[in-house]
């Protein structure tokens with residue numbers, strides 16, 4: 001089965017976790033802790049994606065530079081080079097991107113519109129689920145029960 005990113009997003013509930021570029025690192029960390037997520041989208045009032053702020057950004061750009069989370073604006077420390085994926089892309093394609101780019105979160109975009117964000121954890125769970133289904137089908141086929149009753 002070739003599951004798409006749109007199908008994966010369809011299984012999710014909740015809204016986009018996004019903040020404005022003028023909000024602070026402390027705001028982002030509070031949101032990430034509250035929502036139990038590892039990244040937030042940084043968007044302007046027109047809902048255009050400006051960047052992504054991740055746990056990795058906290059470690060490498062904020063803590064390493066001894067910046068004050070209460071005073072540091074997201075636009076100063078967010079990841080601006082954002083890799084994204086289209087909703088009709090396959091889950092395997094998204095896995096290839098996160099693996100090649102060494103990223104853990106990837107926005108899903110339909111043109112300029114942000115539909116959501118997928119994590120490597122979401123992708124891994126989908127791949128495992130698909131492989132388990134394939135294994136069950138193959139096992140069923142090998143035992144002669146694939147597609148209904150075996151002919152005698």
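The values are calculated or read from the model by the stated rules, or taken from the named source; none is laboratory data. Please read these numbers as outputs of a predicted model, since none were measured by experiment. Here the Cβ is made from the backbone with ideal geometry for all residues, glycine too, and neighbour counts use every protein chain on show.
Numbers for the structure displayed
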item	result
Residue within the stretch 39-62 that is in a loop (DSSP other than H, G, I, E, B), within 20 Å of the chain's Cα centre (by Cα) and without any contact (Cβ under 8 Å) to a residue 40 or more places away in the chain present	yes
Selection from the stretch 18-28 of residues that are part of a helix (DSSP H, G or I) and either buried (at least 18 other Cβ atoms within 10 Å of the Cβ) or on the phi > 0 side of the Ramachandran plot (or both)	25, 27, 28
Residue that is farthest from residue 109 (Cα to Cα) [pool: residues in the stretch 78-92 that are in contact with a strand residue (DSSP E or B) (Cβ under 7 Å, 6 or more places away or on another chain) and without any contact (Cβ under 8 Å) to a residue 60 or more places away in the chain]	78
Near pairs, Cβ below 6 angstrom, 6+ apart or cross-chain, from the stretch 137-152 (on the phi > 0 side of the Ramachandran plot and surrounded by 10 or more Cβ atoms within 10 Å (Cβ to Cβ)) to any residue that is modelled with pLDDT under 70 and assigned to a loop (DSSP other than H, G, I, E, B)	144/150
The stretch 104-119, residues that are surrounded by fewer than 19 Cβ atoms within 10 Å (Cβ to Cβ) and in contact with a helix residue (DSSP H, G or I) (Cβ under 8 Å, 6 or more places away or on another chain)	104, 115
Residue in the stretch 75-92 that is in a strand (DSSP E or B) and surrounded by fewer than 18 Cβ atoms within 10 Å (Cβ to Cβ) present	yes
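Conditions tested, residue by residue: (1) more than 16 Å from residue 121 (Cβ to Cβ); (2) surrounded by 16 or more Cβ atoms within 10 Å (Cβ to Cβ); (3) at pLDDT 95 or above.
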| position | (1), (2), (3) |
| --- | --- |
| 6 | yes, no, no |
| 12 | no, no, no |
| 16 | yes, no, no |
| 30 | yes, no, yes |
| 41 | yes, yes, yes |
